[in-house]
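Engineer: Sharing a structure, written as C-alpha cells. Questions coming.
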Amino acid sequence: MRAWQADYLRAAWPSFLVALLVSAAWFALLDPAQWRLHGEFPAWPPQVLYSLGFLLQWAACWGASVLTLWLLGSRPPGSGDVFDDIERD
C-alpha cells in the first residue's frame, strides 16, 4: 500500500468520531420521524434515516480530512509552510 493511501485510510477513524458527535447533536435536535417530504412522512423507519444521516456525515468529515491531507501533501518543499520548521527524525 502506498504511503498516501495509508494516510487517507487513517483519516477514517477521526472522521468517524467527529461524525458520531455531530450526529448525536444533530439528531438530538431533529427527529427524523417528524420530517415531512412533499407533505408526507418518510416511508422508511427512523433507524434507517439515522443510519443514512450518520453515514453521510461520516463521508463528509472523511472527505474534508482527505482534502486537507491532499492539500498539505501537495505543497512543494521550502514553500514557507509552518511544518517545514519541524525537525524530521
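The values are calculated or read from the model by the stated rules, or taken from the named source; none is laboratory data. Quick caveat, the model's predicted, so the values are computed rather than measured. Note: ideal-geometry Cβ built from the backbone for every residue, glycine included; neighbour counts use all protein chains shown.
For (1) assigned to a helix (DSSP H, G or I); (2) of a type in the set (A, V, I, L, M); (3) under 27 Å from Thr68 (Cα atoms), each residue gets a yes or a no:
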residue	(1), (2), (3)
Leu9	yes, yes, yes
Phe16	yes, no, yes
Leu20	yes, yes, yes
Ala24	yes, yes, yes
Pro42	no, no, no
Gln47	yes, no, no
Gly53	yes, no, yes
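Engineer: Cβ-Cβ under 6 Å, sequence separation 6+ or interchain: first residue in the stretch 41-55 and surrounded by 14 or more Cβ atoms within 10 Å (Cβ to Cβ), partner in a helix (DSSP H, G or I) and at pLDDT 85 or above. Which pairs?
Structural biologist: Phe54/Ser23
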